[in-house]
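These notes concern the structure reproduced below.
Derivation of every value follows stated rules applied to the coordinates shown; laboratory data play no part. In this text the structure is predicted, and so the values were computed from the model without any measurement. No Cβ is skipped: glycine too gets one built from the backbone with ideal geometry, and neighbour counts run over all protein chains shown.
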Amino acid sequence: MSKNKKLAIIGTGNLGSAIARGLKESGSYKPKNIMLTRRHLDRIAEFAEMGFKLERDNLEAVDWADLLIITVEPQQMDRLLDEIRHKIEPQRHVIISCVTGVSIAQMKSRLPENTTLVRAMPNTGVAVLESMTCLASEGNNGLALRMAEEIFSTVGKTLVIEEEQMAAATALGACGVAFFLRAIRAASQGGIEIGFPADKAVFIAAQTSLAAAKLLLENKSHPEAEIDRVTTPRGITISGLNTMEHQGFSSAMIRGIVTSWEKADKLYKD
Ligand SMILES: NC(=O)c1ccc[n+]([C@@H]2O[C@H](COP(=O)([O-])OP(=O)(O)OC[C@H]3O[C@@H](n4cnc5c(N)ncnc54)[C@H](OP(=O)(O)O)[C@@H]3O)[C@@H](O)[C@H]2O)c1
């Protein structure tokens, strides 16, 4: 459906670069069919060597591509939409916006009538084909939604949600990468204190967190069920876990996620 279409990533910064790498890595999309735009093209020069087309002019990209993935910052969105609106052909283009906090209605108000829009909230896991991408569209955009699912399922897992849950998807899925990385860093710091050199501590902590995630996903189980399997009465694991809870471990994570969720909704409006 989308694999033979020409695709442009508009605003190729951190996320856009990760998507480009992931699509190439997946083998399902050819770099020659993907155009990357940003104003400072020198910062993504390496992608030209990988076979991608690079373009400074967004209008050229809109002319060339059928599918547009937008990955600019929220405060850059209005200017971008105003710039490209006269080149958008509603019968031809499908726009997938990864931009935090900008609703489909807000985008529609700046684009030609009947423009097809999908919102996607991936994370930087796209670069290693392990993104969690939440997708939302309007009710009548089934085909566009399936195209977005096809693209993002080549670089990880996808889940279709209601648009009103997008801020929550940002906090839990997109910001979540940083939250779990901080948890791994904290574990590795503990590991250093009890005797491992830094590199070995990070390796053990990262591989152990991968094991925990895979146990959940492959066994389709609840975290507490997996925890029950490693905690014995009066054992060493439960005493470590309870000490962490006394220090507010779960509470800190919950509060952090709620804070990010509150901010995600306000980013564009502010
Ligand atoms: N990073 C993540 O993990 C993540 C995950 C999910 C969603 N998001 C969302 O994705 C968006 C991008 O995030 P990011 O972290 O990738 O930000 P970023 O690194 O700042 O990337 C945005 C890029 O857009 C380019 N840009 C800005 N205005 C442009 C224009 N008019 N035309 C072409 N390019 C333009 C900028 O490059 P130049 O200055 O060179 O033009 C910049 O590199 C944000 O809305 C963010 O909320 C990010």
Report summary line: Expected unfolding gain across Gln91-Thr232 under the 0.36 nm per residue rule, minus the alpha-carbon gap, is 44.6 nm
Report summary line: Cα-Cα pairs in segment 1-88 separated by more than 19 Å, as a whole percent of all pairs, come to 32
Report task. Quickly estimate the mean residue ellipticity at 222 nm for the chain, helices only: each DSSP H run with n ≥ 4 gives -39500 (n - 2.57), and the total goes over all residues, rounded to 500. Result -> -15000 deg cm²/dmol
Requested in this report: Using θ = phi - 60° and the Karplus relation 6.51 cos²θ - 1.76 cosθ + 1.60, list the HN-Hα couplings for segment 50-65 in order, rounded to whole Hz, with x at every Gly or Pro.
Outcome: 7, x, 6, 8, 10, 8, 7, 8, 4, 5, 4, 5, 5, 4, 7, 9
Query raised in the report: How many nm is it between the label spots at Phe249 and Lys108, if each spot is 7 Å from the Cα in line with the beta carbon?
Result: 4.6
Report task. Starting from 0 in steps of 5 Å, tell me what percent of the Cα-Cα pairs of the chain lands in each bin. Result -> 1, 5, 11, 15, 17, 15, 11, 8, 7, 5, 3, 1, 0, 0
Requested in this report: Starting from the Cα-Cα distance between Asn219 and Leu41, subtract it from 0.36 nm times their residue separation and give me the gain in nm to one decimal.
Outcome: 59.6 nm
Report task. Quick one, could you list the DSSP H helices from the chain stretching 15 Å or more along their long axis (Cα atoms) with average Kyte-Doolittle hydropathy of -0.5 or above? Result -> 14-26, 142-153, 176-193, 198-219, 236-246, 249-266
Report task. Please build a GNM for the chain, connecting alpha carbons under 10 Å apart, and tell me which residue among Asn123, Asn58, Asn219 fluctuates the most. Result -> Asn219
**Report entry** Under 17 Å from the Ala198 label point (7 Å along Cα→beta-carbon), backbone N, segment 175-191
**Finding:** 182-191
Query raised in the report: Counting only residues 5 or more places away or on other chains, whose amide H sits under 5 Å from the amide H of Gly13 once H atoms are built in the peptide plane?
Result: none
Query - segment 98-160-segment 227-267 distance, computed between alpha-carbon centres (Å) - result: 30
Query raised in the report: Based on the Cβ-Cβ distance of Asp82 and Leu143, what FRET efficiency does E = 1/(1 + (r/R0)^6) give at R0 = 25 Å, to the nearest 0.05?
Result: 0.40
Report task. Check cross-link reach from Lys266 to the lysines: straight Cα distance under 20 Å, and skip same-chain residues fewer than eight apart. Result -> Lys108
Query - Candidates Glu164, Glu149, Glu73, ranked by Gaussian network fluctuation over the chain, Cα under 10 Å, top entry - result: Glu164
